[in-house]
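Colleague: Shown below is the structure under consideration.
The values are calculated or read from the model by the stated rules, or taken from the named source; none is laboratory data. Given the structure is predicted, the values throughout are model-derived calculations rather than measurements. Every residue, glycine as well, gets a Cβ built from its backbone with ideal geometry; the counts of neighbours run over all protein chains shown. Quick note on the areas: whole protein, heavy atoms, side chains included, nothing else; ligands and nucleic acids left out. Shrake-Rupley method; radii C 1.70, N 1.55, O 1.52, S 1.80 Å.
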Amino acid sequence: MLSRHFLRAKVLQTLYSCNGGDNIDIAVVETNFDHNINSFNRLGVSMMCSLVHMRNFAAAFIEEGKQKFIPKEEDKNPNMRFVENAFVAQLANNADFQRHCADYKISFAEQDNVFRKLYSQIRDTDRYKEYMSAAGTDYLTDKKFAIDVFKVLANEPTLIDLFNDQSIFWESDYMQTAQHVLTILKKTEPTWGADDPLPLIFDKSSQKELDDVEFARELLNRTLLSWDEHVGLITKNLNGWEYDRVPVIDIILIKMAITEFINFPSIPEPVTIDEYIELSKEYSTDRSKLFINGILDRIQIELRAKGKIQKSGRGLFNPNLEDEEQQNQ
């Protein structure tokens, strides 16, 4: 589920954090990068746990009502629909989910005041009242309501701050991780059982995801190793701009693109250029996309003329193939 575009963004953020400074320990940078990637699963599972904890808090709230000195009728005979929500129970009873919660030491025991406030807010909504008063329920109805509750939790500022305080990596990744978890929840089927693996944001059983993460690690490593090597190439193609006045983010994006041009023969140059233009839209100035597009076009031409770009693979130009073979590729 970690796309290469997203992984390139993680490399960009990692490079920006050290900005190619002197005496960089590349092994340490790579270790921090790996920790960042692996932390997505911990954050994602923590978000899932918040949904289960909300269900558990609702059950505890009902028990509190039963223990009142003079309980009301609704306390004596509470509506258990949310507490017995089939979708939340499916998640809570999954052994792999339980194992991850234990391994990550996830607990909201000290946040009951937050969940009490949120539970009160949810109970006051028309959506809650509609769900709880419906004549009947089924898996799909339970799932839709549980996802609505998850959206409330994922957008709660107090919980967002709680998560972000746990890791320096999570603040910039929070909303994208929440979107990934939402996708996982939406795809969950009634047939997903207690002994089935928990779908994760970084699926280490997927060779494609492992290959994509390895691509990002190599991109990070090679960009750091050649950090000062391409300054002259960039400066020569700035067309009147002074190197020191170019936004740092733009310089890093250009260096990453040059690294891809030279060191990743299976990635077509147009794909590389498009990717870094998109990243500039997300992380740099409004003018950066045009600036980076122009610079990379010129650098690409120069590197090709010097024979430093050698692309190979299906659908890519290979000058070593005969014309007829090239046409049939």
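Colleague: Considering only residues that are farther than 13 Å from Arg8 by Cβ and either within 24 Å of the chain's Cα centre (by Cα) or touching a residue at least 24 places away in the same chain (Cβ under 8 Å) (or both), look in region 262-280 and name the one that is surrounded by the fewest Cβ atoms within 10 Å (Cβ to Cβ).
Modeller: Ranking the candidates gives Ser266 first.
Colleague: What residue, of Val11, Val45, Val28, is free of Cβ contacts under 8 Å to residues at least 24 places away in the same chain and either in a helix (DSSP H, G or I) or of a type outside the set (D, E, K, R) (or both)?
Modeller: None of the other options fit; the residue is Val28.
Colleague: Hey, can you tell me all the residues within region 188-216 that are open to solvent by 60 Å² or more (accessible area, probe 1.4 Å), in a helix (DSSP H, G or I) and in contact (Cβ under 8 Å) with a residue 60 or more places away in the chain?
Modeller: Correct list: empty.
Colleague: Quick check on my filter: what residues within region 238-261 are open to solvent by 50 Å² or more (accessible area, probe 1.4 Å), assigned to a helix (DSSP H, G or I) and either touching a residue at least 40 places away in the same chain (Cβ under 8 Å) or closer than 14 Å to Tyr276 by Cα (or both)?
Modeller: Val248
Colleague: Would you pick out the residues in region 72-130 that are part of a helix (DSSP H, G or I), of a type in the set (Gly, Ala, Ser) and more than 15 Å from Ile62 (Cβ to Cβ)? Let's see the steps before the verdict.
Modeller: We begin by selecting, within region 72-130, every residue part of a helix (DSSP H, G or I); these are 73-76, 86-92, 95-103, 109-123, 126-130.
Restricting the remaining residues to those that are of a type in the set (Gly, Ala, Ser) gives 86, 89, 92, 95, 102, 109, 120.
Of everything in region 72-130, those that are part of a helix (DSSP H, G or I), of a type in the set (Gly, Ala, Ser) and more than 15 Å from Ile62 (Cβ to Cβ) turn out to be Ala86, Ala89, Ala92, Ala95, Ala102, Ala109.
Colleague: Which condition breaks for Glu171 when tested against (1) assigned to a helix (DSSP H, G or I); (2) open to solvent by 50 Å² or more (accessible area, probe 1.4 Å)?
Modeller: Of (1) assigned to a helix (DSSP H, G or I); (2) open to solvent by 50 Å² or more (accessible area, probe 1.4 Å), only one is false for Glu171: (1).
Colleague: Select from region 134-146 the residues that are in contact (Cβ under 8 Å) with a residue 40 or more places away in the chain and part of a helix (DSSP H, G or I) and write down the one among them that is surrounded by the fewest Cβ atoms within 10 Å (Cβ to Cβ).
Modeller: So the residue we want is Tyr139.
Colleague: Of the residues Phe108, Phe163, Phe150, which single one is in contact (Cβ under 8 Å) with a residue 24 or more places away in the chain and touching a Cys at 6+ places or on another chain (Cβ under 9 Å)?
Modeller: Phe108
Colleague: Could I ask something else about it? Determine whether region 119-133 contains at least one residue that is under 24 Å from the mean Cα position of the chain (by Cα), β-branched (Val, Ile, Thr) and surrounded by 12 or more Cβ atoms within 10 Å (Cβ to Cβ).
Modeller: Checked region 119-133: no residue is under 24 Å from the mean Cα position of the chain (by Cα), β-branched (Val, Ile, Thr) and surrounded by 12 or more Cβ atoms within 10 Å (Cβ to Cβ).
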